[in-house]
1. From a point 7 Å beyond the Cα of Lys25 in the direction of its Cβ, which residues of the stretch 61-91 have a backbone N at a distance under 17 Å?
2. Give me the percent of the accessible area of the stretch 206-336 that comes from carbon and sulfur atoms, probe 1.4 Å, all protein chains in place.
3. Please state, rounded to one decimal and in Å, the Kirkwood hydrodynamic radius that the stretch 215-264 gives when every pair of distinct Cα atoms enters the mean of 1/r.
4. Going out from 0 in 5 Å bins, what whole percent of all Cα-Cα distances in the stretch 276-316 drops into each bin?
5. At a 1.4 Å probe, what is the % contribution of carbon and sulfur to the accessible area of the stretch 28-166?
6. Between Asn114 and Val134, what is 0.36 nm times their sequence separation minus the Cα-Cα distance? Round to one decimal in nm.
7. Between Ser264 and Lys48, what FRET efficiency follows from the Cβ-Cβ distance if R0 is 35 Å, with the result rounded to 0.05?
8. Have a look at the stretch 195-342 and give its Rg and Dmax from the Cα atoms, expressed in angstrom.
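The values are calculated or read from the model by the stated rules, or taken from the named source; none is laboratory data. Just so it is clear, the structure is predicted and the values come from calculations on it, not from any experiment. Here Cβ is always computed from backbone atoms with ideal geometry, including for glycine, and neighbour counts include all displayed protein chains. With ligands, DNA and RNA removed, areas are computed over all heavy atoms of the protein, side chains included. Shrake-Rupley method; radii C 1.70, N 1.55, O 1.52, S 1.80 Å.
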Amino acid sequence: MPKKALITGITGQDGGYLAELLLSKGYEVYGAIRRLSVPNTKNVEHIKDRITFVDMDLHDQNSILNAIRKVNPDEVYNLAAQSFVPTSWDQKLLTGDVNGLGVTRILDSILAVNPKIRFYQASTSEMFGKVQEVPQKEDTPFYPRSPYGVAKVYAYWMTVNFRESYDMFACNGILFNHEGPRRGEEFVTRKISKTVAEIKKGKKNVLVLGNLNSKRDWGYVGDYVEAMWLMLQQEKPEDYVIATGETHTVREFVDAAFSTLGLSYTEVDLHDRTPLEADQEIERLKTQEGIYVVMHPKFFRPAEVDLLVGDPTKAKDQLGWVRKVSFNELVGMMVRADYEKC
């Protein structure tokens, strides 16, 4: 009998790539989705006929129980979340309910239906926030700097507590930034790749960003979903940092994106202006010759996370996991995909 996997958040970037991987390994794949008037399944459109969708909402305990009873999966991958950090400042309660309490509801439902189900929780480098050591590893103390990070810390510890209290196979993947051509357009990496493609096509001449000096550890989503699967194939559940071990600034991402299409730009720092003054200057730049990358005050976080870089040694040693796609290959992949589409 093939294994059965239930993926929450299957319509997101990670969900689509994970579904592809599990299907290639012979799994029966079930996707948990919220009931919407117009379901958004574009990230799994190409494999939609090979996935069974079930209704489930992380706000609602009964819907979670019913979905797990119906599927009775071998593995549950919880990728569902309010996943955009800036939005978490505007939707603090919703973020806490979905990203924090929603995980507790899933764990409780698994405990009630079948405690032998293996559970993966999508944790995040944002839990480290104001980093206490560099690089960050599994025992680095958390210091979240956003409602998103705070909710994820709660979910992390609930996963650990269910594992230790009920002997459940429940583990956290502490994934650092992972990107790809299906990344949502609200995320900075996709905003860069899409805008650079539009500039090359002559549709725009200004790219507006926040702090170009922020540093992140960026990897390819296809590599990272393999790590998720590997975690649930081990003899015992543990938590793992999944990262490249390299750090790059947002500016380096921008440079690589423009270089992919043979472009150059002029950097304009407006972060010390008022939002209105910055908007007015951007409108002026749009009428000028040349290409401009602008630092705008509205895209700076209330509490900035300046440096995230992970240590994937444990994942390499215990899971045999290594990233395959380099930083420059990742950026080039994203820019070329957007150039072909726009």
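1. Answer for the stretch 61-91: 73-79.
2. Details: 2710 of 5780 Å².
Within the stretch 206-336, the accessible surface is 47 percent carbon and sulfur.
3. Working: mean 1/r = 0.0757 Å⁻¹.
That comes to 13.2 Å for the stretch 215-264.
4. 5, 16, 17, 13, 10, 10, 10, 7, 5, 6, 1
5. Details: 3300 of 6640 Å².
So the carbon and sulfur contribution to the accessible surface is 50 percent.
6. Working: separation 20, 0.36 × 20 = 7.20 nm, distance 3.93 nm.
Gain in length upon complete extension: 3.3 nm.
7. 0.30
8. Just the Cα atoms of the stretch 195-342 yield Rg and Dmax of 18.7, 61 Å.
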